C-alpha cells in the first residue's frame, strides 16, 4: 500500500510539474479561455462581456469570478483551476481503475492518462474540458461502487452529473450514456432499491431546474441552450469529426501510451464482453461516434472516452503479465518515458502557440493604457481583445467605436477584416513581437 501511494504521488508530481511549467510560460489566453475569463470578470465587476455566447456553461466562469474577486487578474491564477482539476482527473482515473481491477491497474491507468499531451496541455488552461472530465470520471466511480448493492453514495451521482453539466453542457451526452449502460448492466440490482435509484434521478432533475429556467428565458425552450451549441459544431460534413478521430489513432489523439492503451481496451472489450469492459468501452466508443458525427474533430471533446479507455487498456496491461515479470517492468518503463515525453511535447507546443496568441495581448494592453472606460473596439478576435483591453469589442461595421485593430499572425492578415481601415481611422500604431508586425491599432474619430 505504501509503495502504491509513493508511485501514485510520483505520477501526480510529474504531471503537475509539466502543467505548472506550461502555466509558468505565461502563454496568452486563447479564445475559449478569454471567453470564460471575460465572463468571470463581468460577473465580478460588471465589466464588458462581448464575445460570450449562450452556449457557454456557467460553472467555470463562476469559479473564475471568485478568483477575480480575490484579486487575481492575470492568466496564471485562472489556469491553476485547470491544474487542480487535472490532478483530480488523474487521481480519479487511478481510483476507478483500482476499484475495478486492483492496485497495478490503477497505477498504470493514472500514468497512461497523465502521459497524454492533450490532457497536459488543456490542464494548463482555463477551460471546461478537463474539469468536466474529472467530474464525469467521479460519476463513473460512484456508479461502479453501487453496481452490486446500491447505497447512500449513489446519491452523489446526481450532484456530480449536475456539476459536469454546468461545467460543460455537452456533458449531458456521456452522462446519459453512462446511465443507460449502468441500467442495462445492473437493472435487476437497481430494482432492489427503487427508492434510492428514483431519489438520485429526482435529485439530478431538481439540480437542473435553474438551467431549465434560464434556457426558457433565453431561448423559449427547456432544452434550448443544449441544442444551441449545435450551431457551433463547425463541421463541413456529417462524420467529419469521426474520420479525424480515427485518423489520429493511435498516437496523435492522446500520445503513444494512451493511444495504444485505448486500442487495447477496445479490443479486449469486444473479445471478452465482460460487464466491466462494457461499462468502460461502450459509453466511451458511443460518445466518440456520436460526437464525431455531429461535431468537427477536436481532441478535447473526447477526454472522457480517453480516460475510460485508458482504464480499460491499463486493466489489459495489468492482467496480461504475471506479477513482477520483466514484461510488466518494461511496460512501466515505457509509461514513464511517455509521461516525460508528454511534458516535453507540451512545452514545445506552448512555444508554437504563443505567436498566435500574442497579438490581442499587445493590442489590448496598448489600448487599455490609453482608453478611458467604458470604451469600444472594432476587431475580429472578440473575446481576447475584450479580456486584454477591458473594452467592449465588436466586428467591423457593427458598432461605433474609438479604436480599431487589424491583426496579423505569421505575417498574414487575418480573414474577416476589411481591406481598408474604417472611416475616420487615424494615428496607426504598429505593434511588433520579436521583430514581426502582429497588430495595427487605429484611433477612430466618428459617430
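The values are calculated or read from the model by the stated rules, or taken from the named source; none is laboratory data. None of these values were measured; they are calculated from a predicted model. Cβ sites come from the backbone with ideal geometry, for glycine too, and all protein chains shown count toward neighbours.
Data overview
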{"item": "Cβ-Cβ under 9 Å pairs, at least 6 apart or on other chains, region 1-29 side within 30 Å of residue 383 (Cα to Cα), far side in a loop (DSSP other than H, G, I, E, B) and at pLDDT below 90", "result": "26/74"}
{"item": "Residue ranges of helices (runs of 4 or more DSSP H) in region 246-312 with at least 3 members modelled with pLDDT of 90 or more", "result": "256-272, 275-294"}
{"item": "Residue ID - modelled with the lowest pLDDT, chosen from residues in region 313-342 that are outside any helix (DSSP H, G or I) and out of contact with any helix residue (DSSP H, G or I) (no Cβ under 9 Å at 6 or more places or on another chain)", "result": "324"}
{"item": "Out of 169, 237, sole residue that is assigned by TED's automatic domain parsing to the domain that holds residue 293 and touching a helix residue (DSSP H, G or I) at 6+ places or on another chain (Cβ under 7 Å)", "result": "169"}
{"item": "Which listed residue, of 385, 440, 393, 419, is assigned to a loop (DSSP other than H, G, I, E, B) and either surrounded by 15 or more Cβ atoms within 10 Å (Cβ to Cβ) or free of Cβ contacts under 8 Å to residues at least 24 places away in the same chain (or both)", "result": "419"}
{"item": "Residue identified as surrounded by fewer than 20 Cβ atoms within 10 Å (Cβ to Cβ), in the same structural domain as residue 372 (by TED's automatic domain parsing) and in contact (Cβ under 8 Å) with a residue 40 or more places away in the chain among 405, 409", "result": "409"}
